[in-house]
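Here's the structure we're looking at; comments come further down.
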Amino acid sequence: MSLNKGIKILLVDDEPTILQFLEMGLENEGFQVLTAQDGMTAVTMVKEHQPHVVILDVMMPGMDGFEVCRMLKKIQNVATIMLTAREDVEDRVKGLTLGADDYMIKPFSFEELLARIHARIRNHYPHLLSKVHLGPFQIDDRRKEITYEGTLLELSPTEYSLLKYLVTNHGLVLSKPMILDNVWGYDFGGEENIVEVYIRSLRDKLNDRQHRIIRTLRGAGYRVDFI
């Protein structure tokens, strides 16, 4: 089960290529994705489907993103991220004043958009991300706890973050640089060997002496397999 399962996102943009790119990426992340190419359709879909997050382009023909945002806030308190190709401070202030929760300037990285979506979900719907079952693991993000086969693991904050990253990306090969960026942060100035130290500690706590849960792929990285 994905951490994002059951979370509905409405994409609103009049450019089909952008819609297709974002829809594919977000569906691959496990979100349920709805799309609209104009403001009135977006308002109707919010009423009918009640998405958790609306990603809303500002510059659209007819009803622009500002007017859509204003109308959406009258319907429900949906988390709204506005997108624009303009860097005007006035536009950002206007969007936030109308009730937008966040603002992104095009072009932007998909990874940054994901981070902002999760930030909005944590603020508006913390219960959706709090507890997830993935194979033999249960991750309780609110309590920062992970259980394995029903047993609560005694984890330090860094061990929790590392195991959560590995488990939520189970089946994927994660390189040391990827792990360092996502667990320690891109500005981490230490050695990659710290990953090996923490992997060894996690294996001890999982009683994974034969490395069947956290596998090492020589020269590539690590992969969690559910057994």
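The values are calculated or read from the model by the stated rules, or taken from the named source; none is laboratory data. Fair warning: this is a prediction, and the values are worked out from it, not measured in the lab. Cβ sites come from the backbone with ideal geometry, for glycine too, and all protein chains shown count toward neighbours. Side chains are part of the model used for accessible areas, which takes the heavy atoms of the whole protein and leaves out ligands, DNA and RNA. Shrake-Rupley method; radii C 1.70, N 1.55, O 1.52, S 1.80 Å.
Structural remarks
- All strands (runs of 3 or more DSSP E) inside the range 101-161 with 2 or more residues being of a type in the set (A, V, I, L, M) and closer than 24 Å to F21 by Cα: 102-105
- Note on the range 72-89: residues that are touching a residue at least 24 places away in the same chain (Cβ under 8 Å) and surrounded by fewer than 18 Cβ atoms within 10 Å (Cβ to Cβ) total 6.
- Qualifying residue in the range 47-56 (condition: under 22 Å from the mean Cα position of the chain (by Cα) and exposed (fewer than 13 other Cβ atoms within 10 Å of the Cβ)): yes
- Subset tally (residues that are among the charged types (D, E, K, R) and either over 16 Å from V93 (Cα atoms) or not in a helix (DSSP H, G or I) (or both)) for the range 42-72: 4
- Inter-residue pairs, beta-carbon under 6 Å, first within 16 Å of D57 (Cα to Cα) and in the range 16-43, second assigned to a helix (DSSP H, G or I) and open to solvent by less than 50 Å² (accessible area, probe 1.4 Å), 6+ apart: V33/L26; L34/M45; T35/L19; A36/A42; A36/M45; G39/V68; A42/V68
- Selection status of R92, touching a strand residue (DSSP E or B) at 6+ places or on another chain (Cβ under 7 Å), outside any strand (DSSP E or B) and open to solvent by 60 Å² or more (accessible area, probe 1.4 Å): yes
- Residues of the range 172-189 satisfying the condition of being in contact with a helix residue (DSSP H, G or I) (Cβ under 7 Å, 6 or more places away or on another chain) and in a loop (DSSP other than H, G, I, E, B): F188
- Qualifying residues in the range 105-121 (those that are surrounded by 15 or more Cβ atoms within 10 Å (Cβ to Cβ) and out of contact with any strand residue (DSSP E or B) (no Cβ under 9 Å at 6 or more places or on another chain)) - the one farthest from N4 (Cα to Cα): L114
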